[in-house]
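Right, one structure below, let's go through it.
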Amino acid sequence: MQAFFRAQQPIDLHLHSSLSDGTDSPTEVVRAAHAAGVRTMALTDHDLTSGWAEAAAECQRLDMTFIGGMELTTRGVNGGGIHLLAYLVDPTDAALTAACAEVLAARVPRLQEMTQRLSADYAISWDDVLEQSGGDSIGRPHLASAMIARGHVETVGEFFDRIVHKESKYYIPSPGIPIIEAIALVRGAGGVPITAHPTGRGVPGHMMPREMMVRLKEIGLGGFELDHRENANNPQGLARLREYAREFDLIVTGSSDYHGGRKPNRPGENTTSPEMLMRIIDESTGSAPVYSAQDPSTA
Ligand code: AMP
Ligand code: ZN
Ligand code: FE
Ligand code: FE
């Protein structure tokens, strides 16, 4: 098996399709990953798994290995937003799908309210935003695209930096499952929970307290996505998480967080080692990877 994953590198475990806030269909995401040289990939749309079948089918055509994933919107104990990657969950698990449905439903009034607030200062309507969303998972990136289409900003980055950043009067925090509950939900669905870009969005210089690390490990946190371009925002916090990862024997991943045209991140710009992917597969019981046509048991 190990030899198989060596042959199936590079491994990129965090990519988004237009079913959430990427701009490519699941098929196009797989093609973009393949063109960048990626040979094993996970589709990790926000709070939904509906792209798995299409992405897995395209992976089969391109002789790539597919890992089912999702990125859950959760809230930390201090109320801050935390993204939790969930790998190889059972996508039909009742508790997990109910929690996701609630989060997805709550995104709609949130976006409507943000659009309403923006419309006081910019010509923009709810229909403009809906036009940008290709699925059930709507978020600020769709609002960003609507603002670009209306000519108010030039790039998604400018929208996030200048207009709807977290301190702006237009911003409303996204609804999320409390992190402790989310980790338990993912384990309950047979999946492996890994915090996405853990030092990318918080306060620069913030260090996770040791008691928190102990608690998260007890509840079942599997690991951290440490190789991600946004983690560079907090080098001290990142160094601390690397120490914790060694001490608590956590899984460490690296991934691109590709969003098509909505982010500069390119497939394969950060990668996960075969050893770490094997650990994810070994710890999961919810679903299995869809291996490339090559049979892993004979490799
Ligand atoms: P929301 O949950 O609706 O607040 O939107 C969060 C999404 O916006 C995440 O999936 C990020 O990928 C994306 N995002 C956050 N900051 C930026 C940024 N500076 N540029 C582009 N996309 C961003
Ligand atoms: Zn996203
Ligand atoms: Fe994220
Ligand atoms: Fe993401």
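The values are calculated or read from the model by the stated rules, or taken from the named source; none is laboratory data. As the structure is a computational prediction, the values presented were derived from the model and not from experiment. Using ideal geometry, Cβ is built from the backbone for each residue, glycine included, and neighbour counts are taken over all protein chains shown. Note: accessible area is taken over every heavy atom of the protein model, side chains too, but ligands, DNA and RNA are not part of it. Shrake-Rupley method; radii C 1.70, N 1.55, O 1.52, S 1.80 Å.
Tell me the helices (runs of 4 or more DSSP H) entirely within region 148-265 that contain at least 1 residues that are open to solvent by 10 Å² or more (accessible area, probe 1.4 Å), in contact with a Pro (Cβ under 9 Å, 6 or more places away or on another chain) and among the basic types (Lys, Arg).
Details: elements: 179-188, 210-219, 235-247.
Those helices (runs of 4 or more DSSP H) span 179-188.
With respect to the numbered conditions (1) of a type in the set (Gly, Ala, Ser); (2) within 16 Å of ligand 1 (Cβ to nearest atom); (3) touching a Ser or Thr at 6+ places or on another chain (Cβ under 8 Å), which one is the sole condition not fulfilled by Gly68?
Of the numbered conditions (1) of a type in the set (Gly, Ala, Ser); (2) within 16 Å of ligand 1 (Cβ to nearest atom); (3) touching a Ser or Thr at 6+ places or on another chain (Cβ under 8 Å), the odd one out for Gly68 is (2).
For the structure I just gave you, tell me whether Gly254 is modelled with pLDDT of 95 or more, assigned by TED's automatic domain parsing to the domain that holds Ala32, in contact with a His (Cβ under 9 Å, 6 or more places away or on another chain) and within 25 Å of Ser25 (Cα to Cα). Before the answer, list the steps.
Numbers: modelled with pLDDT of 95 or more: yes; assigned by TED's automatic domain parsing to the domain that holds Ala32: yes; in contact with a His (Cβ under 9 Å, 6 or more places away or on another chain): yes; within 25 Å of Ser25 (Cα to Cα): yes.
Against the criterion (modelled with pLDDT of 95 or more, assigned by TED's automatic domain parsing to the domain that holds Ala32, in contact with a His (Cβ under 9 Å, 6 or more places away or on another chain) and within 25 Å of Ser25 (Cα to Cα)), Gly254 qualifies.
Hey, any hits in region 274-282 for a residue that's within 20 Å of Ala42 (Cβ to Cβ), surrounded by 14 or more Cβ atoms within 10 Å (Cβ to Cβ) and within 16 Å of ligand 4 (Cβ to nearest atom)? Steps first, please.
From region 274-282, those within 20 Å of Ala42 (Cβ to Cβ) are 274-282; that's our starting set.
Now drop any that are not surrounded by 14 or more Cβ atoms within 10 Å (Cβ to Cβ), which leaves 274, 276-281.
Adding the requirement that they be within 16 Å of ligand 4 (Cβ to nearest atom) leaves none.
No, every residue in region 274-282 fails to be within 20 Å of Ala42 (Cβ to Cβ), surrounded by 14 or more Cβ atoms within 10 Å (Cβ to Cβ) and within 16 Å of ligand 4 (Cβ to nearest atom).
Exactly one condition in (1) surrounded by fewer than 16 Cβ atoms within 10 Å (Cβ to Cβ); (2) within 15 Å of ligand 1 (Cβ to nearest atom); (3) in contact (Cβ under 8 Å) with a residue 24 or more places away in the chain is false for Ala123; which is it?
Exception for Ala123: condition (2).
For region 21-51, which residues satisfy the criterion of being of a type outside the set (Gly, Ala, Ser), under 28 Å from Arg6 (Cα atoms) and within 13 Å of ligand 4 (Cβ to nearest atom)? Working first, answer last.
Quick first cut of region 21-51, residues of a type outside the set (Gly, Ala, Ser) only: 21, 23-24, 26-31, 34, 38-41, 43-49.
Going one step further and asking which of them are under 28 Å from Arg6 (Cα atoms), we end up with 24, 26-31, 34, 38-41, 43-45, 49.
Listed by number, the residues that qualify are Val29, Leu43, Thr44, Asp45.
Among the residues of region 9-29, which ones are more than 24 Å from Ala144 (Cα to Cα) and either open to solvent by 10 Å² or more (accessible area, probe 1.4 Å) or hydrophobic (A, V, I, L, M, F, W, C) (or both)? Before the answer, list the steps.
Step one: filter region 9-29 for residues more than 24 Å from Ala144 (Cα to Cα), giving 9-13.
Result: Gln9, Pro10, Ile11, Leu13.
Under the condition of being open to solvent by 10 Å² or more (accessible area, probe 1.4 Å) and more than 18 Å from the chain's Cα centre (by Cα), which residue from region 55-82 is nearest to ligand 2 (Cβ to nearest atom)?
Gly79
Within region 217-229, is even one residue under 28 Å from Ala101 (Cα atoms) and within 16 Å of ligand 1 (Cβ to nearest atom)?
Applying the first criterion (under 28 Å from Ala101 (Cα atoms)) to region 217-229 yields 217-225, 228.
Okay, now just the ones that are also within 16 Å of ligand 1 (Cβ to nearest atom), so 225, 228.
Yes, that holds for at least one residue.
I'd like the full set of residues that are within 16 Å of ligand 3 (Cβ to nearest atom) and in a helix (DSSP H, G or I), limited to region 1-29.
Answer for region 1-29, where residues must be within 16 Å of ligand 3 (Cβ to nearest atom) and in a helix (DSSP H, G or I): just Val29.
Specify which of the listed residues (Ala32, Ala53) is in a helix (DSSP H, G or I), farther than 15 Å from Pro289 by Cβ and aliphatic (A, V, I, L, M).
Working: Ala53 fails: farther than 15 Å from Pro289 by Cβ.
Going through Ala32, Ala53 in turn, the sole match is Ala32.
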